[in-house]
Amino acid sequence: MKICAVELRSNEAVICLLTKSNGLFDLPECRAQKFIMQDSMDNEQMRNFQQTFKKLLDDYQIDRVVIRTRETRGKFAGSAIGFKLEAAIQLIDGVEVDFITSQEIKQKLKRNPLAIEFRATGLRQFQEAAFMTGYAYLGK
């Protein structure tokens, strides 16, 4: 299974591609690590984001998108743009989208900790939360 793990924060979607085969994880190269949106997103920008994201999923033959859920209220609440990006991803035709909470991720990492340090993955530091999301999801 090949997934695209997504962490949405303020006005950006940070992504990480992961596959798991025969119990082994792989991190395929990807041309993009994040999508940054302007604070005032109009319809054209939303469509452009959606088309660009779908093209990436098609090009890398992604089976599923996994999004880390965010709080809707409180000091850790997601931004309005983040929720728009989430909706745009969910509405892409033919794309399966699942959600995983921070609590679920913590539980799965506790039961199945990383065998290597995050720095050894070759990913950028800002991709850590997206990576952990995908790792926890595939560890089911």
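The values are calculated or read from the model by the stated rules, or taken from the named source; none is laboratory data. All of these numbers come straight from a predicted model, not from anything done at the bench. Neighbour counts run over all protein chains shown; Cβ positions are idealised from the backbone, glycine included.
Key figures for this structure:
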| read-out | value |
| --- | --- |
| Some residue of the range 37-50 being basic (Lys, Arg) and either closer than 17 Å to Met132 by Cβ or surrounded by 12 or more Cβ atoms within 10 Å (Cβ to Cβ) (or both) | no |
| Residues of the range 107-140 satisfying the condition of being among the aliphatic types (A, V, I, L, M) and touching a residue at least 24 places away in the same chain (Cβ under 8 Å) | Leu109, Leu123, Ala129, Ala130, Met132, Ala136, Leu138 |
| Single residue of Ile62, Ile116, Ile81 found to be crowded, with 17+ Cβ neighbours inside 10 Å and closer than 16 Å to Tyr135 by Cα | Ile62 |
| Tally, over the range 21-63, of residues that are part of a helix (DSSP H, G or I) and hydrophobic (A, V, I, L, M, F, W, C) | 5 |
| Ala120 being assigned to a helix (DSSP H, G or I) and under 20 Å from Gln33 (Cβ atoms) | yes |
| Selection status of Ile92, more than 30 Å from Pro113 (Cα to Cα), of a type in the set (A, V, I, L, M) and part of a loop (DSSP other than H, G, I, E, B) | yes |
| Top-ranked residue in the range 45-83 [being among the β-branched types (Val, Ile, Thr) and closer than 16 Å to Ser10 by Cβ; ranked as modelled with the lowest pLDDT] | Thr72 |
| Qualifying residue in the range 84-106 (condition: free of Cβ contacts under 8 Å to residues at least 60 places away in the same chain, closer than 21 Å to Lys20 by Cβ and touching a Leu at 6+ places or on another chain (Cβ under 7 Å)) | yes |
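The rows are residues; the columns are (1) crowded, with 16+ Cβ neighbours inside 10 Å; (2) within 16 Å of the chain's Cα centre (by Cα); (3) aliphatic (A, V, I, L, M).
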position: Asp93; (1), (2), (3): no, no, no
position: Asp98; (1), (2), (3): no, yes, no
position: Thr101; (1), (2), (3): no, yes, no
position: Ala129; (1), (2), (3): yes, yes, yes
